[in-house]
Each structure stands twice: as C-alpha cells, then as structure tokens.
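Peer 1: Starting off with a structure, shown below.
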Amino acid sequence: MSVSTKLNTLTIGLTSALALTSAAQAADYTLKIGHVAAVSQPLSTCAEVMKSHVERYSGGRIEVQHYPAGQLGNFRENVEAVQIGTLEMTLTSGGGIANFFGPIQAFDIPYLFANDQVMDKVMADRALTEKLRADVLDATGTVRLMGMTGGVGWRDFFADTPVKTAADLEGVKMRTVESPVSMEFASALGMNPTPVPWPELYTSLATGVVNGTKNALSDVVDTSLNDYVKYAVADHHTHNLIFWWMADTWLQSLPEDLQGVVADGFHELTKTCNGLPGALYLEKYEKFVASGGEVHIPSEEEKATFLPGQQPVIDWFVGKYGAEYYDLVQAAVERANADIDAEKASFVGK
C-alpha cells in the first residue's frame, strides 16, 4: 500500500470517527444564522467566524447552522422569524428593519458621516447602542440588537449610463431598499425610487425593472450586478451599516457561561466585519474596472449637486418620528469628531 493510499485511508477513518463522535454528542442548543448576503461577501465570512468560535468554545454544546444568500427569506422575513423564535440570529441594514422600528432610519440620512473614522466610532458608541437595543426590544418584544458593524463600505450610486452629478440620475429607476428614507432621498434628487428585495435585484436589472442601484462597490461586484450597471459615482452618501439581531428569548435560555461564549463569538465577528471589507476593496475595484466599469470621484462642486438631497430627508424623518434619534446620531457623530481631533492632536504632539 502506497503512502498516499495509507494517508487517504487514515483520513477517511478519522473523519468517520469524528462524525460518530459528533453524532454521539449532540448539541444542547442550536443557533441558526440566516441572512441575505451572498456566500462570496464579507458578511458571510463574518458569520462563519462566529460559527467557528461558538462551536469550539462551547465544546460542541451549541451547534451553529449558517444560512446565507437569502435561503431563509429577505430582511423582513428573517426579522419576523427572529421575532417569533424560529430563527436565532440575522442581520439587516437600517432600512431592512425600518418596518419594525422606524427611527433606526436616522442612520441612513445621507451625508451624516464624513469618513471611516467617524463611522467606526459611531458603531462602537455604547450610549447609542444601548439606547437602540432597549428601544427595539421594547418595540418588538424579542428582537435584541447584538451590535453594529461595517458591511461592505460606503454606498454609492450605480447606473447603466455615466454619472458625475445628480443631474445625470434624474428620472433613473433607482433601486432602493424598502425604506422611506432611501426613497425620499432618491426622490429629492429627481430619481424614480423603486424598492426591490436584494435577492431579486440582479433579475430586476437584467429585465429593466430598475436601471440603477445605490449600493457598495463590493455588493455590486460580488453579485455580478456590474453585468448591467457599469458606471458609479463615489458620492459616499451613506455607510453600509449592518445591524445584527438575535432572538432575546433564545439568548436568555442559555446558561450564563454559554451567553458569554456567544458574546465573545460576536466580538470576533465584529473584528472581522470591521476589517475585512477594507482589505478586500482594492480587489473589488479592480474587478469592477476590468469588467468595463468606471468609478467617478466627484469634485467638490460635483459632490455639492447631491447635497440638496439631505435636507428633505431630515425634514421627512423629523416630521415622521420626531428629532430624538436624529439628535442621538448627531450627538454620537460629535463625540466621534471630538475623539478624532484629540487623537490627531496627540499624534502630532500638539
């Protein structure tokens, strides 16, 4: 028998033994993570990181089942499943959970966040996170905010014709999430906002239901949307902020030590989600350009043509939900800016 054959035989034997051991030691708890992100996207990798951590550090007492790519439904369906307890964990954008808690759309008001540094600090702002967690739990009864992470970067406008200014998008059938904030923003700039669920977007672009979308570059490349939208303008109107939700009843059912394992697993997920997209951006950009895509970096004058889209959204939001959450997010931004200024001053020794 050759060495290769012996190794293959040994591997098969070990695999069978591990399978029998796993079967004999069935998990005490099951954590199902369902979401709409494609397997190729960083968010799926983030979920896999948490899956690995929780299964290892729970000693197999928690089995984590991962269902990416909309296998268990769209944003709303996944949140509903978490709410009734048939799904333990999911993720959404702000717009993806707006039907359950409308004020969360304050995070999607365009041009609130200047850059990645501000965004990182806002996501980690404990006062803001704890307030949002309490309010969503109160509104839904069972949907608990685990935390916020980056998704795949900044949202820009993509279309099937060249885009440099807001005027280039007038009349475009622009795909938005099912969120009044996104729709108000697109309308304010003269577009025709068209809500399309994420799993249906590729087909909608192919058939002309929409001819543009407001997404991150990685979203577009990872799901081959650049087959149909070849032009982008990097206006960076909002950050692709992701909210992670867990069934509170499931979390509270765990013994205290396993609650700690889940919390630590989410911390590992957060580190991955906040670091991986930036590391992968260059690769996504090169793929987009290689496919015939063009990314226009707007001048200050060109970017200014998009800014009038902000105030109508603020007016709509405050009129609908009051100023509380707008003020909360603005306060978090101010704290972030103050921290950044202090860090810069310390860095240069002033």
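Each value in this text was obtained by applying a stated rule to the coordinates, not by laboratory testing. None of the values given here were measured: they were computed from a predicted structure. Please note: Cβ atoms are built from the backbone with ideal geometry, for glycine as well, and neighbour counts cover all protein chains shown.
Peer 1: Under a straight-distance cross-link criterion of Cα-Cα below 28 Å, which lysines are reachable from Lys214, leaving out those fewer than 8 residues away in the same chain?
Peer 2: Lys121, Lys164, Lys173, Lys230, Lys271, Lys284, Lys287, Lys303, Lys320
Peer 1: A further question follows. Taking the structure as given and computing Cα extents along the principal axes in Å, which label from [x] 71, 50, 48; [y] 88, 44, 36; [z] 65, 55, 39 fits?
Peer 2: It is the value labelled [x].
Peer 1: How large is ³J(HN,Hα) for each residue in segment 204-221, as worked out from phi by the Karplus curve 6.51 cos²θ - 1.76 cosθ + 1.60 (θ = phi - 60°), to whole Hz, x for Gly and Pro?
Peer 2: Couplings: 5, 5, 5, 9, x, 4, 9, 10, x, 8, 10, 9, 7, 4, 5, 4, 5, 6 Hz.
Peer 1: If you don't mind, another one. List every residue whose amide H lies under 5 Å from the amide H of Asn240, counting only residues 5 or more places away in sequence or on a different chain, with H placed 1.01 Å from N in the peptide plane.
Peer 2: It is Gly151, Val152, Gly153, Trp154, Arg155, by chain and number.
Peer 1: Just rank His267, His35, His236, His66, fewest to most, by other beta-carbon atoms within 10 angstrom.
Peer 2: His267, His66, His236, His35
Peer 1: Could you list Trp250, Trp245 in order of exposure, starting from the residue whose Cβ has the fewest other Cβ atoms within 10 Å?
Peer 2: Result, fewest neighbours first: Trp250, Trp245.
Peer 1: Same structure, new question: For Cys46, what is the net charge nearby, where nearby means another residue's Cβ is under 11 Å from its Cβ and Lys, Arg count +1, Asp, Glu -1?
Peer 2: Here the charged neighbours net out to 0.
Peer 1: OK, next. Net charge within 15 Å of Gly85 by Cβ-Cβ distance, Lys/Arg positive one each and Asp/Glu negative one each, not counting Gly85 itself?
Peer 2: Overall, the nearby charge balance is -2.
Peer 1: Turning to a different aspect of this structure: Could you work out the local net charge near Gln117, counting Lys and Arg as +1, Asp and Glu as -1, over the other residues with Cβ closer than 10 Å to its Cβ?
Peer 2: So the environment of Gln117 carries a net charge of -2.
Peer 1: For the chain, return all DSSP H helices satisfying: extent of Cα atoms along own axis at least 20 Å; mean Kyte-Doolittle hydropathy at least 0.0.
Peer 2: Span-like helices in the chain: 3-24.
Peer 1: With a 10 Å Cβ neighbour count serving as the proxy for reagent exposure, in which order, fewest first, do His296, His239 appear?
Peer 2: Starting with the residue having the fewest Cβ neighbours, the order is His296, His239.
Peer 1: OK, next. Going by amide H atoms built from the backbone, whose H comes under 5 Å of the H on Val64, apart from near neighbours?
Peer 2: Amide H to amide H, under 5 Å and 5 or more residues apart or across chains, Val64 pairs with Leu31.
Peer 1: Calculate the FRET efficiency for Glu300 and Ser40 from the Cβ-Cβ distance with a Förster distance of 25 Å, rounded to the nearest 0.05.
Peer 2: After rounding, the FRET efficiency stands at 0.10.
Peer 1: Counting each DSSP H run of 4 or more residues in the chain as -39500 (n - 2.57), what helix-only mean residue ellipticity at 222 nm follows after dividing by all residues, to the nearest 500 deg cm²/dmol?
Peer 2: Dividing the helical sum by the residues of the chain leaves -16000 deg cm²/dmol.
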